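Quick note: the coordinates plus some simple rules give every number you see, no bench work behind them. If you're wondering where the values come from, they're calculated on a predicted model, not measured in any experiment. Quick reminder, even Gly has a Cβ in these numbers, built from the backbone with ideal geometry, and neighbours come from all protein chains shown.
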Amino acid sequence: MIKKTIKMTNPTGLNAKAAALLVQTAGKFTSKIWIAKDDKLVDAKSIMGLMSLTVPMGSEISVEADGEDEQLAIKRLIELIESGFEE
């Protein structure tokens, strides 16, 4: 299992478009992937779970993955978040 913490730099935070991109990206991997904020942990492949987190700009989140492609999954998700969700 790998866990990385990152600060949300997207000006609109984890909005619906960003959450959809995150779900799409996470769905490409066989590993189990979770996103955590504060004490709440949700499945990164669930749009409803991600939207329930309420992640504004400046918030810290953790990206966790467990499985055979966990390293690549974490790498791609961190890149997506750092890019501001391609906005």
Residue-wise HN-Hα coupling along segment 3-20, computed from phi with Karplus coefficients 6.51, -1.76, 1.60 (Hz; x: Gly, Pro): 9, 10, 10, 9, 8, 6, 9, 5, x, 9, x, 8, 7, 4, 5, 5, 5, 5
Point-to-point label distance, D69-T9, nm (Cα→Cβ direction, 7 Å offset): 2.6
Relative contact order, percent, the chain [alpha-carbon distance under 8 Å, six or more residues apart]: 44
Kirkwood Rh in Å, taken over all unlike Cα pairs in the chain: 12.4
Amide H within-cut-off set for S59, under 5 Å, with H built and near neighbours excluded: M8
Low-density loop cleavage sites - trypsin sites (Lys or Arg not before Pro) in the chain, where at most 15 other Cβ are within 10 Å (DSSP): K28
Nearest-ten-degree value, helix 70-82 long axis tilted from longest Cα axis of the chain: 10
